[in-house]
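Bear in mind that the values in this text are calculations on the coordinates, not laboratory data. As the structure is a computational prediction, the values presented were derived from the model and not from experiment. All Cβ positions, glycine included, derive from the backbone under ideal geometry; neighbour counts span all protein chains shown.
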Amino acid sequence: MTWQVNRGKIVYSVSCIFVVFLGHLEEDREQCDSEQRVNQTATMEESKLKLYSSWRSSSSSRVRIALNLKGLKYEYKAVNLLKGEQFSPEFSKLSPLNYVPTLVDGDMVVVESFAILMYLEDKYPQHPLLPPDLKKRAINYQKYIAEEVGSDEKLSWVKHHMEKGLAALEKLLKDHAAKYASGDEVFLADLFLAPQIHDALTRFNVDMTQFPLLLRLNDAYNELPAFQDAMPEKQPDYLQS
């Protein structure tokens, strides 16, 4: 049995230890173990991650995918970018740059999607986002992917530059992609690709038939719940246009 440091739980732990040492019945031991698991679960819930996010933000989507892949529960904190909530005094205290996504993990605050992904990779090693092979890792770092554009940008301008980026990705991945962007496992590049392809298809009406490799990857992403649950239309602040 382990000692509990939270106030109000020490008596419980001591009693469980006495149950073991005094040789009480097996069911008493099981009851103590069950109570301990409940307390451990409650403690984990108290320290649950918080993600300040916006449903339409592709950079937020990639962080949501990472959290899903790593099996990390988090509280979704919606930030309405159109209403300027990212500039509110409360949010500015967390994110002086006024960016989403912003991740809060206990007393740790991490801003900007790539920084958040690297933080999650270092602290929560389950389901690694980077392959061990250096060449494949380099491909994952090469992200010719446009960041979220402002709502005031003209659609034609955005579409033009998005198509240029997608064309570059099609060429870049030609010799490296398999089932996913850099092999048969999901890695960092896929987290960047999926939201971008989704935006191209649903938001900017890009003719994706000119990018058959990216379309094939998109089909693979559509089969993964971790990806689909992170898409804009699945978020609590989603607004159908």
Next on the checklist: 7 Å from Cα along Cα→Cβ at both GLU90 and ALA168: what's the point-to-point distance in nm?
Outcome noted: 3.8 nm
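Students often check this: by mean Cβ neighbours within 10 Å, which of 191-199, 65-73 ranks highest, and how do the rest follow? Provide the component values of the computation, followed by the final result.
Numbers: 191-199: 23.9, 65-73: 19.0.
Answer by packing, highest mean first, reads 191-199, 65-73.
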